[in-house]
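Below is one structure; the comments refer to it alone.
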Amino acid sequence: MATVQDRPLQGRHILLGITGSIAAYKAAMLCRLLKREGAEVQVVMTQLAKQFITPLTMATLSRRPILVEFFDPENGQWNSHVSLGEWADCYLIAPATANTLAKMAGGVADNLLLTTYLSARCPVMVAPAMDLDMYAHYTTQRNLEELAQHGVAIIEPNSGELASGLEGKGRMAEPEEIVEALKAHFSEKKKPLTDRHFVVTAGATIEPIDPVRYITNHSSGKMGYAIAGELARAGARVTLVSGRTELPVPAGVERVDVLTAEEMYEATTKAFAEADGGVMCAAVADYTPREVAASKIKKSDEGDLTLTLRRTKDIAATLGAEKGGRVLVGFALETDNEQAHAEEKLAKKHFDFVVLNSLRDAGAGFRGDTNKVTFVDAAGSEELPLLSKQEVAVRIVERIVKILSK
Ligand code: C5P
């Protein structure tokens, strides 16, 4: 008898986005295969996609009306991109044209397929389809990289004969391959952190001085967001306690917004109580104004202004003291005596390992997309080369998985 593991798509809600590529004809077969695997399929198409495959074909195969516009012009019924995103267990865009990929990477929302992408909380997968030169173009590659960095899974196109008559990489993966990618995605067996819950802190805290001014730091949150996304991709439930940032919430991650160190402390300790581990990536203010002025502090022409600051609570140290069997990972950003400071933090905050970055290393630090880190644990240290923050996140999650499997 077939088991759930054999049919990982059984009962799954797959939102199938179809864009205007000649490969759209393969979406018909894709839809049939998904239905055969027991999935519910809802199709959303772009206007141009309708020129390549008819809505009637897709509606018949999916057994649901096709969605193209924000509302039905006949009766004004609203097609809610938010509810579509909520309904879906996975948003699969196949074929994905260079144009749609560029719009996704740029946050453009000029059709239903794209607004649904922007509001989707579920994992998103794309199967690119285009001519070889368009695929190899640096803009397409850059857009794919950008999307991958934010957790979109890319189902690589194949090399072969293209509609243009040219040969090369750009042919959309075959429907069977796409279904396999989806099955692998839903197959719990593959995911090492299924049923685990992690808390990640990210970004800078903001400590108000008066209603207008505040104290903060340069942390962008990028490293923490990348880690949250990777943990989710490894199957974990993730609570991301985040300072103010413009970054999008990675797929499958639940974000809790905070401003001050105190708020971050409250949210993180609460979430950690029920979690299996934490990654403390936030740049938390060590000091906060003792008093927040109720109205804007006026300047005076004479004398200096003195602000009295008091210590904030150390979130990581608090969690470390109560961690029990949980995994706790910390960061150390140092400007000198790096190794010694990292070792001190490892012991003091009961971290399983510390991710050390030095501001002296080129490519490491706050706003960039790369990082140069050294892992420090009780057994010693491992220095990594300069990597993208995404790749550093992968390495951190690999270490966590190893610790948990001991
Ligand atoms: O002692 P230091 O601030 O350098 O330690 C850095 C580590 O401790 C980071 O993992 C950071 O997220 C965490 N931390 C914290 N709460 C604080 C200060 C630091 O969780 N108040």
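Table for the structure above
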{"item": "The stretch 193-241: number of residues that are in contact with a His (Cβ under 9 Å, 6 or more places away or on another chain), surrounded by 21 or more Cβ atoms within 10 Å (Cβ to Cβ) and of a type outside the set (A, V, I, L, M, F, W, C)", "result": "3"}
{"item": "The stretch 161-192 - residue that is of a type in the set (D, E) and open to solvent by 80 Å² or more (accessible area, probe 1.4 Å) and, of those, nearest to the ligand (Cβ to nearest atom)", "result": "E188"}
{"item": "Looking only at the stretch 171-203, and only at residues there that are within 30 Å of K402 (Cβ to Cβ), assigned to a strand (DSSP E or B) and not aromatic (F, W, Y), the one that is farthest from the chain's Cα centre (by Cα)", "result": "H197"}
{"item": "Residue match in the stretch 278-300 (condition: over 18 Å from I209 (Cβ atoms), more than 8 Å from the ligand (Cβ to nearest atom), open to solvent by 20 Å² or more (accessible area, probe 1.4 Å) and part of a loop (DSSP other than H, G, I, E, B))", "result": "no"}
{"item": "Residue count for the stretch 242-258, restricted to those that are open to solvent by less than 60 Å² (accessible area, probe 1.4 Å) and not in a strand (DSSP E or B)", "result": "7"}
{"item": "Enumeration of residues in the stretch 155-170 that are within 15 Å of P128 (Cα to Cα) and part of a loop (DSSP other than H, G, I, E, B)", "result": "I155, E156, P157, L162, A163"}
{"item": "Residue that is farthest from the ligand (Cβ to nearest atom), among those in the stretch 316-338 that are in a helix (DSSP H, G or I) and open to solvent by less than 70 Å² (accessible area, probe 1.4 Å)", "result": "E338"}
{"item": "Hits in the stretch 70-86 (condition: out of contact with any Ser or Thr (no Cβ under 7 Å at 6 or more places or on another chain) and outside any loop (DSSP other than H, G, I, E, B))", "result": "F71, W78, S83, E86"}
{"item": "Which numbered condition A364 misses (of (1) in a loop (DSSP other than H, G, I, E, B); (2) near the ligand (Cβ under 8 Å from one of its atoms); (3) modelled with pLDDT under 95)", "result": "(2)"}
{"item": "Selected residue (criterion: farthest from the chain's Cα centre (by Cα)) from residues of the stretch 359-406 that are open to solvent by 10 Å² or more (accessible area, probe 1.4 Å) and of a type in the set (S, T, N, Q)", "result": "S381"}
{"item": "Residue match in the stretch 259-267 (condition: of a type in the set (A, V, I, L, M), surrounded by 18 or more Cβ atoms within 10 Å (Cβ to Cβ) and away from the ligand (no atom under 11 Å from the Cβ))", "result": "yes"}
{"item": "Near pairs, Cβ below 6 angstrom, 6+ apart or cross-chain, from the stretch 274-288 (under 16 Å from L259 (Cβ atoms)) to any residue that is open to solvent by 30 Å² or more (accessible area, probe 1.4 Å) and outside any strand (DSSP E or B)", "result": "A283/N217"}
{"item": "Spans of helices (runs of 4 or more DSSP H) in the stretch 19-69 with at least 2 residues under 28 Å from the mean Cα position of the chain (by Cα) and either modelled with pLDDT under 95 or within 23 Å of S80 (Cβ to Cβ) (or both)", "result": "26-36"}
{"item": "Residue tally, condition surrounded by fewer than 20 Cβ atoms within 10 Å (Cβ to Cβ) and either of a type in the set (G, A, S) or more than 20 Å from V200 (Cβ to Cβ) (or both), over the stretch 339-357", "result": "7"}
{"item": "Test: residue in the stretch 193-214 that is on the phi > 0 side of the Ramachandran plot, in the same structural domain as F351 (by TED's automatic domain parsing) and within 16 Å of the ligand (Cβ to nearest atom)", "result": "yes"}
{"item": "Within the stretch 343-353, considering residues that are outside any strand (DSSP E or B) and more than 9 Å from the ligand (Cβ to nearest atom), the one farthest from G278 (Cα to Cα)", "result": "E343"}
{"item": "Only one of E86, E74 that is modelled with pLDDT under 95, open to solvent by 50 Å² or more (accessible area, probe 1.4 Å) and within 12 Å of L15 (Cβ to Cβ)", "result": "E86"}
{"item": "Test result for T312, surrounded by fewer than 20 Cβ atoms within 10 Å (Cβ to Cβ) and within 11 Å of the ligand (Cβ to nearest atom)", "result": "yes"}
{"item": "Residue check for R63: basic (K, R) and assigned by TED's automatic domain parsing to the domain that holds I178", "result": "yes"}
{"item": "Subset of the stretch 44-71 [in contact with a Gly (Cβ under 8 Å, 6 or more places away or on another chain) and open to solvent by 80 Å² or more (accessible area, probe 1.4 Å)]", "result": "Q47, L48, Q51, F52"}
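The values are calculated or read from the model by the stated rules, or taken from the named source; none is laboratory data. Just so it is clear, the structure is predicted and the values come from calculations on it, not from any experiment. Cβ: placed from backbone, ideal geometry, glycine included. Neighbour counts: every protein chain shown. Please note that ligands, DNA and RNA were not included when accessible areas were found on the heavy atoms of the full protein model with its side chains. Shrake-Rupley method; radii C 1.70, N 1.55, O 1.52, S 1.80 Å.
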